Amino acid sequence: MQSEKIIIGFETSCDETAIALMKGDKLLINKISSQVEIHEKFGGVVPEVASRAHAEMIRNLFHSSINECGIDIGEIDIVASTDGPGLAGSLVVGYNFAKSVAWALEKPFYAVDHMVGHLSAPLIEHPNMEPPFLSLLVSGGHTQIVLVEDWGKYNLLGSTIDDAAGEAFDKLSRFCGFGFPGGPAIQKISEGGDPKKVDLPRPKTSNKFDYSFSGLKTAAVYFLQKLSEEDQLLKKDFAASYQEAIVDSLMEIFVKAIKETGVNNISGGGGVMANSRLREKIVLFSENNNKNLYLPSPKLSTDNAAMICVAAKNELITNKINIDDIRLSSIIS
């Protein structure tokens with residue numbers, strides 16, 4: 001059966017070199033090589049450095065993944081890779097390597113949109129998740145509310161008009177010297193802090209389902225610049241207040257979309273969905289409002305190749321695409 005085919009997925013859209021293999025609903029392996037230590041000294045991802053690191057890592061990661069999951073390379077049935085959005089140089093490395101593997105093995109190649117990958121990630125742990133559902137996708141480059149009316153039928157209700165939520169974490173963290181990546185750094189510092197200590201805005205937009213975080217970031221910077229040396233504001237209180245402002249903004253608009261669409265199934269994905277405070281609030285909302293919640297685990301919320309595998313499998317099955325009809329000519333187009 002096509003649903004039992006072995007899929008290998010590649011994900012190199014930013015600074016994570018990731019490879020996964022899946023057979024049916026079973027995830028055989030999900031390996032991620034992080035570049036955090038490389039980019040930490042720059043305070044953010046440097047595109048040229050990221051693409052070079054992908055090129056240096058991907059071959060070894062590919063062979064180790066095959067060996068560790070105990071399959072023969074010839075058993076692979078489908079090769080899938082992220083084809084965007086993301087950093088162009090990083091995407092090229094994984095995409096071209098994946099195409100080369102497909103060509104060498106004479107196997108079909110399938111390209112997957114990065115955000116469809118995040119949208120599909122809950123299926124790895126919740127294979128019973130079915131449309132219609134509303135998903136909050138929050139990552140370093142995107143903040144979106146997507147109504148999934150059916151697989152392949154995605155209605156973008158709202159998105160960010162400036163910074164994404166992940167960018168808001170990263171930029172403020174860099175300004176404060178909290179560390180990189182910003183989200184995990186601020187979450188760690190905020191532990192035990194008072195989220196109501198600093199009054200920060202929750203920006204509004206003209207489109208009721210759109211987000212904006214640049215005003216919040218600017219307000220936070222101005223607040224810090226006005227502090228005198230005598231002010232004894234605890235760092236953890238400021239971090240907790242800033243995190244709370246982002247989470248409140250995300251939830252307020254997402255809840256509004258849930259109520260207006262009337263959906264019973266809700267989901268999420270993207271690196272910011274690994275944030276413990278955001279997960280706490282979305283779980284609480286779902287429990288208090290009898291909603292079915294399908295969240296990927298924190299590890300599967302961040303960039304990974306397992307989500308590329310499950311997205312490819314899901315699209316092939318739901319669109320009734322026979323892998324034998326995916327011509328090898330598409331590999332060299």
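Throughout, read-outs are computed from the coordinates displayed, never taken from laboratory work. Just so it is clear, the model here is predicted, and its values are computed rather than measured. When we count neighbours, we look across all protein chains shown, and the Cβ atoms used for this are built from the backbone with ideal geometry, even at glycine.
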Next on the checklist: Would you report the distance distribution of C-alpha pairs in the chain as whole percents per 20 angstrom bin, up to the bin with the largest distance?
Outcome noted: 32, 55, 13, 0
Next on the checklist: With just the Cα atoms defining each centre, how far is region 165-220 from region 234-309? Give it in Å.
Outcome noted: 15 Å
Item to check | Ellipticity estimate at 222 nm from DSSP helix runs (n ≥ 4, -39,500 (n - 2.57)) divided over the chain, nearest 500 | outcome: -13500 deg cm²/dmol
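Please report THR302, THR218 as a ranked list, fewest other C-beta atoms within 10 angstrom at the top and most at the bottom. Don't skip to the answer; put the middle values down first.
Numbers: THR302 26, THR218 15.
In order of increasing Cβ crowding within 10 Å: THR218, THR302.
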Checklist entry - Pairing the Cα long axis of helix 88-105 with the longest principal axis of the chain, what angle in degrees results, from 0 to 90 and rounded to the nearest 10? => result 20 degrees
Next on the checklist: Please list, in order along region 55-64, the HN-Hα scalar couplings obtained from phi with the Karplus expression 6.51 cos²θ - 1.76 cosθ + 1.60 (θ = phi - 60°), rounded to whole Hz, x for Gly and Pro.
Outcome noted: 4, 6, 9, 5, 5, 5, 5, 4, 5, 5
Checklist entry - Tilt of helix 165-176 relative to the longest C-alpha principal axis of the chain, in degrees (0 to 90, nearest 10)? => result 50 degrees
Checklist entry - Quick one: helix 214-226 against the long Cα principal axis of the chain, what's the angle to the nearest 10°, folded into 0 to 90? => result 40 degrees
Checklist entry - What base-10 log of the normalised intensity I(q)/I(0) is obtained for region 130-295 from the Debye formula, alpha carbons as equal point scatterers, at q = 0.08, 0.18, 0.20 Å⁻¹? => result -0.24, -1.08, -1.29
